[in-house]
Every structure is written in structure tokens, then in C-alpha cells.
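Bear in mind that the values in this text are calculations on the coordinates, not laboratory data. Note that this is a predicted model, so its numbers are computed, not measured. Every residue, glycine among them, receives a Cβ derived from its backbone with ideal geometry; neighbour counts consider all protein chains shown.
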Amino acid sequence: MIDSTCQITLFVQNKEEAKTFYTEKLGFIIRNETQFTDDWSYLTVAPRANSEIVIELVEAVTAEEKQLVGRQAADQILLMFKVNGIHNTYQHLKANGVKFQGEPVKIPGGIGVVFEDLYGNKLDLFEEVNHEN
């Protein structure tokens, strides 16, 4: 049986540019970077070394792949990242030049705020909070 999710593929225009965004702007780490041949490499990033799910950054090559860059989830959230201390994380990422679509607000189950990767994919920060207290 299937136990868990371990990887998501994200098409990017430029793998080095995307690597810089995820590592320098968001503070992710490189989990795996392997060059198999001149035209085939594997690059995954994640928030932490023990993150269960990694993001594989794949440079779009075909016309179909290139059309998906920045639109893999259309106008929906592509990825949601759980955080502790959303307001501090928001301020830190904003200072790093990350583009947000507003400020953290109460949403069902917590506090959230949408931001964009360098190609326009919508990503979300989410902090789980019990609003009843």
C-alpha cells in the first residue's frame, strides 16, 4: 500500500535561478543535486533535512512543459508550507524580496498568507492556530 508522498515536480524556466530562489530567498536546503549526463540532472530542495516531501526542480524543455511554468495549479495554491511564527516568517521572507499577496490573515484552522515563487506559482504559508482561545 501507499504510505506517503515523497516528491513533487515543479517545472521552472531556469534550474539555477529556481535553486537560488528556494535556497537564498526561502531558506530551503538542497536535498540532492546530481548530474547524471550533460543534459540530465536531478535537483531537489526542501525546507529542512528531515522534510518528508522534497520539491524536484525540473527545467522545462518541451513547449508543453514551458506552458506550465508558473501555472502548474492554474490560479490555485500549488504548495502550502506549515510554519511556526507566521508573522516573523512573513516579515523575514518579505525582507528577502519574496512577493506576497497581502498579509497573514485568519483562515479556517489557522493563519495564512499567499506568496509567489519567481515564476508566479501561488504558494502559501500556514500556521495552525486554535481560534477559539
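For the reader, a short list of remarks on this structure follows.
- Sites excluded, GluC sites (Glu not before Pro) in DSSP loops with at most 16 other C-beta within 10 Å, longest stretch of the chain: 53-131
- Note on the chain: GNM, Cα springs under 10 Å; of Ala46, Ala74, Ala18, the largest mean-square fluctuation is that of Ala74.
- DSSP-loop trypsin sites (Lys or Arg not before Pro) across region 43-76, with at most 12 other Cβ within 10 angstrom: Arg48
- Lysine pairs in the chain whose alpha-carbon atoms fall under 24 angstrom of each other, counting only those eight or more residues apart or on distinct chains, come to 25.
- Highest-MSF residue in the chain out of Asp38, Asp117, Asp75 [GNM, Cα springs under 10 Å]: Asp38
- Whole-percent P(r), the chain, all Cα pairs, 10 Å bins from 0: 11, 40, 35, 12, 2, 0.
- For the chain, the longest principal axis of the alpha carbon atoms and the long axis of helix 86-95 meet at an angle near 50°.
- For the chain, calculated [θ]222 nm from helices alone, where every DSSP H run of n ≥ 4 adds -39500 (n - 2.57): -4000 deg cm²/dmol
- Where a label projected 7 Å from the Cα of Ala95 along Cα→Cβ would reach, residues of region 26-58 with amide N under 20 Å: 26-29
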